[in-house]
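One structure is given below, encoded as structure tokens.
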Amino acid sequence: MEVIKTLPAIFEEFSEQRRNSFLHAYETKQKNIPFVGTFCTYTPTEVIMASGAIPVGLCSFSDETIAEAEQDLPRNLCPLIKSSYGFAKTQKCPFFYFSDLIIGETTCDGKKKMYEMLGKIKDTYIMELPNRQSPMGRKLWREEAVALKEKLEEKFGVTITEEKLREQVKLSNQNRLALRHFYELMKLDPPPMAGADLYSVLYGSSFKFERKKAIDEVNALTERIQKEYDEGNRPIPKRPRILVTGCPIGGNAMKVVKSIEANGGNVVCFENCGGAKSVDELVDENAEDIYQAIADRYLNIGCSCMTPNENRLKLMGRLLEEYKIDAVVEVILQACHTYNVEAYQIKQFVTSKGLPYMCVETDYSSSDVGQLNTRCAAFIEML
Ligand code: BJ8
């Protein structure tokens, strides 16, 4: 008899997905299917998939290897960079170990320089990401997408046809739509799940390597949550609705989300990478020039390494309305200069809409949990 899992059990499974995929990754490697490690939302993953390889996210969000990383890197560097480098250096990340090729982009200075060091450990290929969404920038990024295709063809001895690429563009769009429909459940008030569970599904699903199956699973989960909600299931009370923005979170940085939720708020929307920023826009499947369509879609991502970064405000403005947001919490990872400087503009933008804004600067340690709780409690109490 099939046992029907409860929603909390399903969320738990997604939160363990990365770890649970280690074995699957090993089995996949045995079948000679290559892995390509990525570190950024700007990586055009459909090009990797069209080569027959599996793209896998290598960003790390734990302090486990930071001490090792600090032997080679400065202490006052973003924890995401230190952690990612530390896992690579110590070979503690199985996905890094299994990756045949690493792709990096010229985003922030710290990551750029860290990639040079990764290049000493593994074959690392850098894409030159323009920092402006200008016509020149779009042209360059298209050329970079084509150059990536050529690199993958040479590396894996394959030919990436336009047909294969268009197929992967369609599949990636279906994946984005599935994730979008899933997080749009949070427009319900009260929300049907905790923000921490929402994030587990968004993050965990990226470690399900059979893409079609992963899409079906997310769609089935969305349907089920909606159905249970319609039947009266209200697991979360009605409380102030918070949008989280800023640096990517996950792993130890989820302490901020947990603190908001433990102190009376509901995180109903993630604007940052891992949330809407990475999923919101689709690639134009019918474009005549599919490389330009891919380049345009990715270059539109509103990351703080762009100047100016108007697309971040555009997306955020829409999310604030659609999710009926009561307040915004910005998470800055220590020493992330671009997000830290941009925080001033974000504060102006959010407060000009009459909404409260709070910025927290943090790292992957647990030393500030007490302080976070005090700040979140005071912030939410005032809403
Ligand atoms: S598209 S947000 S994944 S660059 S590593 S910028 S936190 S100092 S991760 Fe990012 Fe791509 Fe942009 Fe998204 Fe700051 Fe740290 Fe740099 Fe970071």
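Can you give the relative contact order of the chain as a percent, counting alpha carbon pairs under 8 Å and 6+ residues apart?
Relative contact order here is 19 percent.
So how tilted is helix 290-299 from the main axis of the chain? Cα-based, degrees 0 to 90, rounded to 10.
Computed tilt is about 40 degrees.
Which value at 222 nm does the chain reach when only helices count, each DSSP H run of 4 or more adding -39,500 (n - 2.57), with the total divided by all residues and rounded to the nearest 500 deg cm²/dmol?
My calculation for the chain gives -16000 deg cm²/dmol from helical runs alone.
With the convex hull built on the Cα atoms of the chain, state its orientation-averaged projected area in nm².
For the chain, the mean projected area of the Cα convex hull comes to 19.2 nm².
Of the cross-linked pairs K82/K213; K111/K314; K82/K155; K112/K255; K82/K277, which ones have a Cα-Cα span greater than 30 Å in the structure shown?
In this structure, K82/K213 exceed 30 Å between Cα atoms.
Take the residue pairs K212/K238; K113/K149; K122/K164 and return only those whose Cα atoms are more than 29 Å apart.
Over 29 Å Cα-Cα: K212/K238.
Express in whole angstrom the spacing between the alpha-carbon centres of the range 342-383 and the range 283-337.
21
With a 10 Å cut-off between alpha carbons and a GNM built on the chain, which of L77, L185, L23 moves the most?
In the Gaussian network model the winner is L23.
In nm, to one decimal, how far is the E70 label point from the L7 one, both placed 7 Å along Cα→Cβ?
Between E70 and L7, the label points sit 4.1 nm apart.
Note the angle between two axes, namely the Cα long axis of helix 211-230 and the longest principal axis of the Cα atoms of the chain, as a number of degrees from 0 to 90, rounded to the nearest 10.
So the helix axis and the longest Cα principal axis differ by about 10 degrees.
Report the relative contact order of the range 59-131, percent, no decimals, based on alpha-carbon pairs under 8 angstrom and at least 6 residues apart.
27
Springs between alpha-carbon pairs under 10 angstrom, Gaussian network model over the chain: which of E321, E184, E46 fluctuates most?
Looking only at E321, E184, E46, the largest GNM fluctuation is found for E321.
Angle check, please: helix 17-30 long axis (alpha carbons) against the longest principal axis of the chain (alpha carbons), in degrees 0 to 90, nearest 10.
10
Determine the sum of side-chain charges near S172: Lys and Arg each +1, Asp and Glu each -1, restricted to other residues whose C-beta is under 9 angstrom from that of S172.
Local net charge: +2.
For C359, what residues show an amide H to amide H distance below 5 Å, using hydrogens built from the backbone and excluding near sequence neighbours?
HN-HN under 5 Å from C359: E330.
Quick one: divide the alpha-carbon radius of gyration of the range 164-382 by 2.2 N^0.38 Å and tell me what you get.
Cα-based Rg divided by the globular estimate yields 1.03.
Throughout, read-outs are computed from the coordinates displayed, never taken from laboratory work. The shown structure was predicted, so the numbers you read here are calculated from the model rather than taken from an experiment. Please note: Cβ atoms are built from the backbone with ideal geometry, for glycine as well, and neighbour counts cover all protein chains shown.
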